[in-house]
1. How many residues does the range 147-165 hold that are among the small types (Gly, Ala, Ser) and not in a loop (DSSP other than H, G, I, E, B)?
2. Can you tell me which condition Phe91 does not meet? The list is (1) assigned to a loop (DSSP other than H, G, I, E, B); (2) over 30 Å from Asp27 (Cβ atoms); (3) of a type in the set (Phe, Trp, Tyr), and all the others hold.
3. Would you confirm whether any residue within the range 105-123 is assigned to a helix (DSSP H, G or I), within 11 Å of the ligand (Cβ to nearest atom) and touching a Pro at 6+ places or on another chain (Cβ under 7 Å)?
4. Return the total of residues in the range 124-146 being without any contact (Cβ under 8 Å) to a residue 12 or more places away in the chain and either in a loop (DSSP other than H, G, I, E, B) or within 11 Å of the ligand (Cβ to nearest atom) (or both).
5. Anything in the range 85-99 that is more than 10 Å from the ligand (Cβ to nearest atom) and more than 13 Å from Pro144 (Cα to Cα)? List them, or say none.
6. Given the structure, is Ser148 in contact with a helix residue (DSSP H, G or I) (Cβ under 6 Å, 6 or more places away or on another chain) and surrounded by 15 or more Cβ atoms within 10 Å (Cβ to Cβ)?
7. What are the residues in the range 151-164 that are surrounded by 14 or more Cβ atoms within 10 Å (Cβ to Cβ) and over 15 Å from His111 (Cα atoms), if any?
8. Could you tell me which of the residues Ile187, Ile194 is surrounded by 18 or more Cβ atoms within 10 Å (Cβ to Cβ) and either of a type outside the set (Lys, Arg) or within 13 Å of the chain's Cα centre (by Cα) (or both)?
Amino acid sequence: MAKLKLCILISGRGSNLQSLIDACADDAFPAEIALVVSNIDGVQGLERAKKANIPTTILSHKDFKSREAFDATLSETISRFDVDLLCLAGFMRILSDEFVNHWFDRLINIHPSLLPAYKGLHVHERVIEAGESHSGCTVHYVRPDMDSGPIIKQAKVTVEAGDNADTLAARVLEQEHIIYPEAVRLIAEGRIRIENECVVIDGNT
Ligand code: GAR
């Protein structure tokens with residue numbers, strides 16, 4: 001069966017990109033990365049992509065007058081490649097409604113909280129500040145409202161006594177690296193349907 005072709009969008013370190021590169025290195029994994037796009041030059045994620053011989057494109061948002069103009073060029077750039085699914089992996093840009101609607105149901109994101117709790121930035125600081133006993137991470141389809149959309153996979157992490165934002169982030173990140181490839185696999189295997197904005201996974205009892 002043909003593999004699902006991925007475009008991974010990054011802005012930095014790219015450890016989630018690396019987890020997808022590593023998953024795709026297995027011949028049996030049903031997806032492959034066709035393109036990595038970064039909105040910031042010189043980031044570690046670009047090095048990871050180059051090392052894996054994946055085509056990269058840098059598109060700086062600073063070169064555009066508006067969010068819409070950047071997003072339109074981003075869409076055109078990605079469309080030149082034959083891709084089936086866009087994966088946001090630490091891509092720190094809010095996307096316009098036009099972009100999200102163009103890639104509707106072909107655009108997923110990973111977020112370091114148990115959505116719908118703790119949307120936005122500085123998640124781990126806020127989780128600790130609130131005295132939560134648990135946190136985690138979420139892979140979800142992207143909808144125009146920030147950090148919203150049908151949830152594909154989540155992993156829960158215990159907040160330990162003495163955790164700070166960095167220690168909690170590190171434990172959540174370990175789980176991110178597990179659930180992102182798992183979510184991509186489910187999509188690539190055609191096991192996901194969206195019904196009434198909820199994900200239904202075929203074969204789950
Ligand atoms: C990850 O923790 C990811 O969940 C988060 O940024 C980090 C990127 O790390 N994304 C968001 O906060 C998006 N709202 P990485 O570059 O090492 O994958």
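Every number here is computed from the coordinates shown, using simple stated rules; none is lab data. What you see is a predicted model, and the numbers here were worked out from it, not measured in a lab. With ideal geometry, Cβ positions are generated from the backbone for all residues, glycine too; neighbour counts draw on all protein chains shown.
1. Final tally of qualifying residues: 2.
2. (2)
3. yes
4. Number of matching residues: 3.
5. Residues satisfying the conditions are Leu85, Leu86, Cys87.
6. no
7. Val159, Asp163
8. Ile187
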